[in-house]
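Trainee: Following this message is one structure expressed as structure tokens.
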Amino acid sequence: MNAPNLHLNAFIGGAVVPLETVPDPVFAAGMMGDGVAIEPSERVLRAPCPGRVVQVHASRHACVIEADGGARVLLHIGLDTVLMQGEGFVAHVQPGYEVAAGQPLIEFDPAAIRRHGKTALTVLAVENSDVHAIAWRSVARQVAAGDALLELAAAPGSAQAAAATAADEEVADGWATVRHAGGLHARPSATVAKALKPFAARVAILSRGRQCNARSATGLMGLSIGEGEEVLIHAQGADAGDALEAVIAALETPSQASHAAPAQPHGTPAPTPAPTPAGPVAAPPVVTGGQLAGVVASPGLALGPVAHFAHGLGDICEAGEGVVLERRALKAALYAVTCDIETAVADARARGLVDRAEIFAAHQVLAEDPDLLEQALAAIEAGSSAAFAWRATLQARAAALQASGSALLVERASDLQDIERQVLRKLAGDGAATSVLPPGAVVLADDLAPSDFTALERAKVAAIVTARGGPTSHVAILARAQGIPMLVALGPGLSQLVDGQLVIVDAEHGRLGLCPDVEQVALAQCEVARRASLRTQALAQAEGPAVTLDGVRIEVAANVANAADAAQAVALGAEAVGLLRTELLFLERADAPSVAEQRADYQAVVDAMQGRTVIVRTLDVGADKSLPYIAMPAEENPALGLRGVRLSLAREPLLSDQFSAILAVQPSSAVRIMLPMVVDAQEIRQARALLDGLAARAGIATRVPLGVMIETPAAAVLADQLAEEADFFSIGTNDLTQYTLCMDRGNPALAARLDGLHPAVLRLIAQTVAGAARHGRWVGVCGALASDRLAVPLLVGFGITELSASPAVLPEIKAVVRRLDAALCRTVAARALQLDAAYEIRALVRISWPWLEP
């Protein structure tokens, strides 16, 4: 009598995905057995049927249930999630547990999976589906946990052939070392099982006193064999020797690192990988052993010895040596620090390092803060030393910022701590020696301040790693500008590393590799050299145009703030200035710049560009960057307040002066004007009326091109209306992303989720291009996405014709464009708009253009 069929219920709620469309060849090819996948909308994996838990993987991302009748059901959360080493997974069962249908098995954190760049797509595979075949499948596209999903029945002709007699059997034993990153997880285990398909021999793998059938992928996973472990293989049968060799080869041949691609909607085919143009394919992550995880603050890859950074301030005496002496000492120290900062600001401006100049200028304001000085002097009057009084004053102010609940203010507290240390160094004199850093070191610190960065840059450090801090900190900004890889927020474990210890900084995947072996070191060295070679090649070809393989021309322009930036941009192949920031001219001064002063600055940029077009963005400030000569009340949320074009129209004389200065630049044909933070057509009409009136008074008959930045969802949605008034669009993806996702881009806790490739942002970009096209307007991108290699193909696919980025990355962006096929870009971009998560979209791009990985 046949056993009754086994009903398998939905193991989690979500969208049903056919197994053959899962973007992993092991599962899609049925190597783990027949089954189905679900893109989860929940975070709890449940038992699809009654049975006994026979395995829970050491990384807690997978388990196996054996049902009555012998069906073995693998449940696997995500793709390549074994590399997360259990982070974000909580198992509620153990091997041997009897479970009922619907009982919770594993709870997981989708955010943790996204942080690691993985997909949470969850797979059910019947390991022995050759015996227990799927007889019925639900046709539902969406299911809730517990809904009927599959029905298993005994497969016809499934009885196994009788084993050969012992006299005819061959026996073979051998040893192998597992070379797969992460050990024997799902993919390598399935590879071993697949390798045995041509052979009849029975093969067992033995490790640490346990063994399993080598044909059982889930059994191999249950052994929890790690990378580098040695295992014994025992084969028995007519072709045992051949089977043994096949298993050894499967165990010792590392599988290629995979990138989880997005699951396709039910019934749609899996994405077809694009043909890879000639050229090297990027290497997989080189950090695979012991590691610490952090947040990428500045991308890159580096290898070097650890060097801890210490400020070395020593002990501070609380009691002063007299009020007069201590007051004099504090004021002298503050004066010396202020002079140092003024020198740093002037040096940064002379070198065209605008971000650095702005950061140091902000520090100068802190050093001259009268309230801080008054509180410190009061403490001196009470008997404290200058050093003790200054430290207590600034620590109290920093503590207030840290308790504010604002992530941005918490990060700004580090600026106060920097000023504190600078003044204390001056007070300590020769006793405040800082660390001596060897060239090529990976610098470790609890946190770093902008004043520390000069010493790091001078020492030519290979990378920076901090226990605290965030990706929006001032040091992170400086590191990105100089191309120094940087990881932040690695936690207290960083202090356990010793000076001289060799580490690998993978600031692409957020990993710090500890004690790498010889193979990993060699791989890292090769990858660093490969990237340097690619940069050299791109620089050599920087002067040429950026034209796709099928003839689509993309203008590659630069974001600049002054003439020095513009000169650098020309040297690196800039075809235009896509964004001239004018804010620096207005900040850190007591009165507004005159028309003549502004005109001279803008003219210098146009001259440096040697006839190339320059787009000048009008003043973009708000209450967060207040100007002392403009009355601006404090705002609870400056990002949503009086800023950008709203401020300019509300303070019309300011805008009139700026328009007049721009109109005076020669040749006038080289200049365009762009308005920031536009939300409707009325703002453009008001600005256009003012501009045309000033042009008429200046005797300029030619219409001056006036464009707008698309930084708000409102502007993107109304793009067709704005295009009636504006001459061009430039999408500011930084603000567009934060406004669309309602996430403060200054909040480090949200950094991992604030992704410009979020489908909502991409749909707004596509909508902007479509709206502009109705009136024949071109669209560029001047935000961070224009510098993102993985974003460039999608932007080209949406119809973006100008990419404006930091000068340093222009050669690389041009090199990327030249290897793209615009037709394929359009196809993949359309597909990306149907996905529902940024990490899925990035995975789609990686599959379509594998060479895009840095």
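The values are calculated or read from the model by the stated rules, or taken from the named source; none is laboratory data. Keep in mind it's a predicted model, so treat the numbers as computed, not measured. Calculation scope for accessible area: heavy atoms of the full protein, side chains included, ligands and nucleic acids excluded. Shrake-Rupley method; radii C 1.70, N 1.55, O 1.52, S 1.80 Å.
Trainee: Would you kindly find the accessible area of residue 234, with a 1.4 Å probe and non-protein molecules such as ligands, DNA and RNA excluded, rounding to the nearest 10 Å²?
Mentor: 60 Å²
Trainee: Leaving out ligands, DNA and RNA but keeping every protein chain, what accessible area does residue 742 have, in Å² rounded to the nearest 10, with a 1.4 Å probe?
Mentor: In the full protein context, residue 742 sits at about 120 Å².
Trainee: Hey, another quick one. Could you work out the pair-distance distribution P(r) of segment 671-748 from its alpha-carbon pairs, with 10 angstrom bin width and percents rounded to whole numbers?
Mentor: Each 10 Å bin holds this share of Cα pairs: 19, 44, 24, 11, 3, 0.
Trainee: Given a 1.4 Å probe and every protein chain left where it sits, what share in percent of the accessible area of segment 84-154 is carbon and sulfur?
Mentor: 50 percent
Trainee: Could you put 700, 630 in order of accessible surface area, largest first, with the 1.4 Å probe and the full protein assembly present?
Mentor: 700, 630
Trainee: Would you list which aspartates and glutamates come within 16 Å of residue 460, measuring only between C-alpha atoms, while excluding same-chain residues fewer than 8 positions from it?
Mentor: 452
Trainee: If you don't mind, another one. Considering only protein heavy atoms, with the full assembly of protein chains and a 1.4 angstrom probe, order 849, 778 by accessible area, largest first.
Mentor: 778, 849
Trainee: For segment 454-526, which whole-number percentage of the solvent-accessible area (1.4 Å probe, protein heavy atoms only) is attributable to carbon and sulfur atoms?
Mentor: After summing per-atom areas, the C and S share lands at 59 percent.
Trainee: Under 5 Å between amide H atoms, partner at least 5 residues away or on a different chain: which partners does residue 103 have, H built in plane at 1.01 Å?
Mentor: 47
Trainee: So, for segment 1-142, what is the accessible surface per residue at a probe of 1.4 Å, expressed in square angstrom?
Mentor: That works out to 39 Å² per residue.
Trainee: Further question on the same structure: In whole Å, what are the extents of segment 537-610 along the principal axes defined by its C-alpha atoms, from largest to smallest?
Mentor: Computed over the Cα atoms, the extents are 52, 21, 19 Å.
Trainee: Another question, then. Rank these residues by their accessible area, most exposed first, probe 1.4 Å: 454, 338.
Mentor: Reading off the accessible areas and sorting them downward yields 454, 338.
Trainee: So what is the accessible area of segment 464-523 per residue, in Å², with the probe set to 1.4 Å?
Mentor: On a per-residue basis, segment 464-523 sits at 38 Å².
Trainee: Using alpha carbons only, how many angstrom separate the centre of segment 753-800 from the centre of segment 661-733?
Mentor: The two parts, judged by their Cα centres, are 20 Å apart.
Trainee: Accessible area of residue 851, 1.4 Å probe, to the nearest 10 Å²?
Mentor: Spelled out: residue 851, probe radius 1.4 Å, area about 10 Å².
Trainee: Note the per residue figure in Å³ for the convex hull of the C-alpha positions in segment 63-121.
Mentor: Value for segment 63-121: 92 Å³ per residue.
Trainee: With every protein chain present, what is the per residue accessible area of segment 550-592 (1.4 Å probe, Å²)?
Mentor: 33 Å²
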